[in-house]
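Visitor: Encoded as C-alpha cells, here's the structure I'll be asking about.
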Amino acid sequence: MVRAIRVFLVATLLLASSAAWAQRVEGDRAKAEGVYAAEVPVNGQGEAERNAGFARALAQVLGKLSGDRGAAARPGVGQELRRAKDYVAGYDYRQDEGVGPTGAPSYRTTLVVNFDQGQVDSLASVLGLPVWPTPRPKPVLWLAIDDGSGPRLVGLAQANAARSTLNRAVERGYRLGLPTGNAAEQAAVGAIWRGDSAAVARASARYSPPMQLIGKLYRSKAGWKADWIFVDSGKVLSTWTSEEADARRAMAGGADGAADALMRRYAKRGSAAGPPGIYRVTFTGLTSSDDYIRLAGYLQRLAVVRKLTPIRATPGGVELELDLISGLQGLKRMSEGDDVIEAQEGLEGQPPVYRLR
C-alpha cells in the first residue's frame, strides 16, 4: 500500500511538472542542468520508451554524482535502474533538429529528466557508491592541437575546437575552463608539447583553482592521439594517452581521465548505511511455505541484498544469512516504506529481528 501511494505521488508530481514546463515561453528549451539531471535520446514519448529513458538517465546521474563512469555496473545499481521512475521529480521532451546524410532535415527527440536529490543521495548511500562532493573544481584545459601545420593553443575564442572535451566533462559531473589565449599564453604551447607541467602551472597561476588538464593532440597511424597530464596544486595526479580514429573522441578521453583522477582524490564512500558483509537476520511472522517464498522473493529484489542463505527454522520464522552491500542499516533503509517487513526490537547480542507483515 505504501509503495502504491509513493508511486501515485510520484506520478502526480510528474503530471504537475509536465504541466508547468508546457507553459515555457517561446524559445525556452528544456535542458539538463546540474548533477541530478540528465538528458537521453528516445525514439518516442510512449511509457515504455520513457521508462527505459529514465533508467539511462539515472545511470548518468549516478555516474555524475560519484564521478565513476562504471557506476551503473556496481552491485545493486541495476536493480534500482529498473525502477528509476520512482526517483524522478520531473521530466520534459526536447526536439533537436539536425541534417541527415542526404542533407534533408532530421529530428531527434530528447528526454530531459530531473531526479529527486534526497532520494538519489539516499540510494547512493545505501548502495555504498562513492560521492564526489559539490561544489566541484573547474580545472583549466591547456590543449594544444597540431593538425600538421604546427601546434596551436585552444583558447576561449576557439572553444568549439575543444567542444567534445568540454561536453564530456559536463557528462562526468564537472566543468573545464579555457585560458583566454592571449599572446603570453600562446607562448605556453612549447611547454604543453614537451609535457612541462610546472611551466604550464606557472602560466595558469592567474586562474583558480590551481588545477590543469594539459593535453597535446596530434595525428597518428590510427587517426589521432592525445597525451594528457592532470595537475592539482603543482602535483601530477595522473598521466594517460587516448588514441582514436576520430579526433573528438581522442579529446573526450582527456575529460574522462581527469574525472577519474578527481574521483580517486575527492570522492568518498558514504558510511551512513554501514559496511558490506554477511549478517544473520531473524524473520518472524511466517506461518506457511508461501510466507517464506514471499519473504525470499522480496529480499532477492532488494538492491542491497546480494545473496541469502537459510540457516535454521525458528518458531514462527526463519534465520537467514544475508550478504549485504551496505550492512544492516542499508537493509533497514532500503526496506522502509515497502510494507513487507518491519524491524523489531531484538535481544542484545542476538541477530536483528524483522517481522513479515
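Visitor: Can you sort 319, 336 by 1.4 Å-probe accessible area, starting with the largest?
Guide: Numbers: 319 10, 336 105 Å².
I get 336, 319, largest accessible area first.
Visitor: Further question on the same structure: Average projected area of the Cα convex hull of segment 215-263, in nm²? Don't skip to the end; give the middle numbers.
Guide: Details: hull surface 12.3 nm².
Convex hull of Cα atoms, orientation-averaged projection: 3.1 nm².
Visitor: Two decimals is fine: what is log10 I(q)/I(0) at q = 0.14 Å⁻¹ for segment 140-266, from a Debye sum with one equal scatterer on every Cα and no solvent?
Guide: -0.52
Visitor: Using a 1.4 Å probe, how large is the accessible area of residue 287, given in Å² and rounded to the nearest 10?
Guide: The accessible area of residue 287 comes to roughly 120 Å².
Visitor: Sticking with this structure for a sec: Rounded to the nearest percent, how much of the accessible area of segment 133-204 (1.4 Å probe, protein heavy atoms only) is carbon and sulfur? Each step should come with its number before you reach the end.
Guide: Numbers: 1740 of 3310 Å².
The computed percentage sits at 53.
Visitor: Under a 1.4 angstrom probe, counting protein chains only, how are 80, 243 ranked by accessible area, largest first? Present the calculation step by step, with values, prior to reporting the outcome.
Guide: Details: 80 5, 243 85 Å².
The residues order as 243, 80, largest area first.
Visitor: Quick check of the Kirkwood formula: for segment 140-199, what is the inverse mean of 1/r over all pairs of different Cα atoms, in Å? Write out the running numbers ahead of the final one.
Guide: On the way: mean 1/r = 0.0828 Å⁻¹.
Here the Kirkwood hydrodynamic radius works out to 12.1 Å.
Visitor: So for 348, 47, 321, what's the accessible-area order with a 1.4 Å probe, most first?
Guide: Values: 348 185, 47 115, 321 55 Å².
I get 348, 47, 321, largest accessible area first.
Visitor: While we're looking at this one, here's another question. Over segment 202-357, how many percent of alpha carbon pairs lie in each 10 Å bin up to the one with the longest distance?
Guide: Binned Cα distances yield the sequence 10, 27, 16, 11, 16, 15, 6, 0.
Visitor: If you only keep lysine pairs separated by 8 or more in sequence, or across chains, how many in the chain come under 20 Å at the Cα atoms?
Guide: Going through the chain pair by pair, I get 11.
Visitor: Roughly speaking, what is the centre-to-centre gap between segment 113-147 and segment 179-223 when only Cα atoms are used, to the nearest Å?
Guide: Computed from Cα coordinates, the inter-centre distance equals 25 Å.
The values are calculated or read from the model by the stated rules, or taken from the named source; none is laboratory data. For clarity, every value in this text was computed on a predicted model and none was experimentally measured. In case anyone asks, the SASA skips ligands and DNA or RNA and just uses the protein heavy atoms, side chains included. Shrake-Rupley method; radii C 1.70, N 1.55, O 1.52, S 1.80 Å.
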